[in-house]
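Engineer: Before I ask anything, here is the structure I am working with.
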Amino acid sequence: METVINSLRFFSLEAVDYFSRPEVLFQLGLTLLLLLFSRPVATRLRYSLEAQARTIKGRPEILRLIVIGLRRLKWAVFVVFLGLSIVAIQVVGWPAQYQIIYSVTLLALAWLLISLLSNILRNRFIARVIALIVWTYVALTILGVAEETAQLLDSAGFTIGSTRISVLLLLRSITFLGATLWFAVAFGNSLEKRIQRSKDLNASLKVLIGKMLKMSLIFVALLAGVSAIGIDLTAFTVFSGAIGVGLGFGLQRVVSNFISGIIILADSSIKPGDTITVGETFGWIRELRARFVSVVTRDGREFLIPNEDFITLQVINWSFSDDLVRLDIPFGVSYQSDPHEVTRLAIEAAAGVNRVVQSPMPVCWMTTFGESSLDFLLRFWIRDPQSGLTNIKGQVLLALWDTFKENGVQIPYPHREVYIHNPETKP
């Protein structure tokens, strides 16, 4: 205990003696002054550069780079001021040792470059955390205490079997695994986008190949990261039993949806853009995911339907093998109408609606002699069921009404006549 106290006392005396030197006080004061002075200078420069940036039109990439640079303009000005001060000290020749300003310059320059490069990441929180970790390592290296810090972090830990787990190992694992997984995800997303632009593959194969490549890259990156850290992969066999129990009890539906998604993509039963009906949900598929299918309805709602439902439930795919969809409209006319003329007018009315295709042409058939009307069935085809079915039926019905009204075709409605026999007379 006495030795520790003496060591601390010696260190404090050395620190007081060092920081009381004129050249040290001068460097500390100059650094603080330059830091305070760099803020107003950077503010004025920012206003001027922002005014010039507003004149750039149609170049979002350049504008994004300018915005990133303007956010760190204070540090850039600070680094420039520190560099100029080093040049001035070398010209004047005092102080002879300017290690403090030189170290601060390197630290500020490292922070500026690292913070600029970290903007590759879209998530600002993750970008700041990574920038702080990398800068801390660079700062320890610049100050010459990286090895001592590593030994200190490695001493704080414990041993499990033949594996030594320390704070240093955890930090290295988190950093290295995070970097490899981020690279795998970013590279996988890039490959997936390239595959989506391919014209030689259908929509289902594009999604299947993209998802499988992305998952394979993540798996390989995870294994490579664990091996590079120095963890024996055979140690993970201990957790195989726990994983099996988890799959048996808690992850059944997750695994079922994942496997169902692979089956859906492999057999191409549904694909992005298809118009489907699942239960009471009618809409078109926007995206196929590993766990669910995104279905957008006509009212703008987006349903995330589990992949398992597309395997176990009845699914109506309106555009599975052909994008043609047939719609039927029954109607009736009075017995005074000519059925041949009614058939011709109905076909012309349906063919005049924009969404009704001309090949195959609409057809109209007389189906039966009703109690009070001649009953017909009008059939027509469309190619865009995702645009709605009720609205196109309504348009065809309005076209029928207008055509029948112009040509004097009557649409009957039921009449009820009540006959009263032997009415009672009041006395």
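The values are calculated or read from the model by the stated rules, or taken from the named source; none is laboratory data. Keep in mind that this is a model prediction, so the values were computed, not measured. Counting neighbours? That spans all protein chains shown, and the Cβs are built from the backbone with ideal geometry, glycine included.
Engineer: Testing Ile329 on (1) over 29 Å from Lys193 (Cβ atoms); (2) outside the structural domain of Trp401 (by TED's automatic domain parsing), one condition comes back false. Which one is that?
Structural biologist: In the conditions (1) over 29 Å from Lys193 (Cβ atoms); (2) outside the structural domain of Trp401 (by TED's automatic domain parsing), Ile329 misses (2) alone.
Engineer: Looking at (1) touching a helix residue (DSSP H, G or I) at 6+ places or on another chain (Cβ under 6 Å); (2) in a helix (DSSP H, G or I), which is the one condition that is false for Phe380?
Structural biologist: Condition (2) is where Phe380 drops out.
Engineer: Look at Ile195 and say whether it is closer than 30 Å to Ile101 by Cα, modelled with pLDDT of 65 or more and out of contact with any Pro (no Cβ under 8 Å at 6 or more places or on another chain). Give the steps one after another, and end with the answer.
Structural biologist: Values: closer than 30 Å to Ile101 by Cα: no; modelled with pLDDT of 65 or more: yes; out of contact with any Pro (no Cβ under 8 Å at 6 or more places or on another chain): yes.
So Ile195 does not fit the description; no.
Engineer: Out of (1) assigned by TED's automatic domain parsing to the domain that holds Phe78; (2) hydrophobic (A, V, I, L, M, F, W, C); (3) modelled with pLDDT under 70, the odd one out for Ala150 is which?
Structural biologist: With respect to (1) assigned by TED's automatic domain parsing to the domain that holds Phe78; (2) hydrophobic (A, V, I, L, M, F, W, C); (3) modelled with pLDDT under 70, Ala150 is out only on (1).
Engineer: Another question, then. For Leu389, are the conditions met, namely being surrounded by 15 or more Cβ atoms within 10 Å (Cβ to Cβ), within 23 Å of Ile316 (Cβ to Cβ) and out of contact with any His (no Cβ under 8 Å at 6 or more places or on another chain)?
Structural biologist: Numbers: surrounded by 15 or more Cβ atoms within 10 Å (Cβ to Cβ): yes; within 23 Å of Ile316 (Cβ to Cβ): yes; out of contact with any His (no Cβ under 8 Å at 6 or more places or on another chain): yes.
Yes; evaluated as a whole, the condition is true for this residue.
Engineer: Of these, Ala96, Ala110, which one is touching a residue at least 12 places away in the same chain (Cβ under 8 Å) and either surrounded by fewer than 17 Cβ atoms within 10 Å (Cβ to Cβ) or assigned by TED's automatic domain parsing to the domain that holds Trp182 (or both)? Before you say what the answer is, go through the steps one by one.
Structural biologist: Working: Ala110 fails: either surrounded by fewer than 17 Cβ atoms within 10 Å (Cβ to Cβ) or assigned by TED's automatic domain parsing to the domain that holds Trp182 (or both).
The conditions single out Ala96.
Engineer: Restricting to region 259-297, name every residue that is of a type in the set (A, V, I, L, M), assigned to a strand (DSSP E or B) and within 14 Å of Leu313 (Cβ to Cβ).
Structural biologist: Pass one, region 259-297, residues of a type in the set (A, V, I, L, M): 259, 262-266, 270, 276, 278, 285, 288, 290, 293, 295-296.
Add one more test, that the residue is assigned to a strand (DSSP E or B), and what stays is 276, 278, 285, 288, 293, 295-296.
Ile276, Val278, Val293, Val295 - these are the residues of region 259-297 that are of a type in the set (A, V, I, L, M), assigned to a strand (DSSP E or B) and within 14 Å of Leu313 (Cβ to Cβ).
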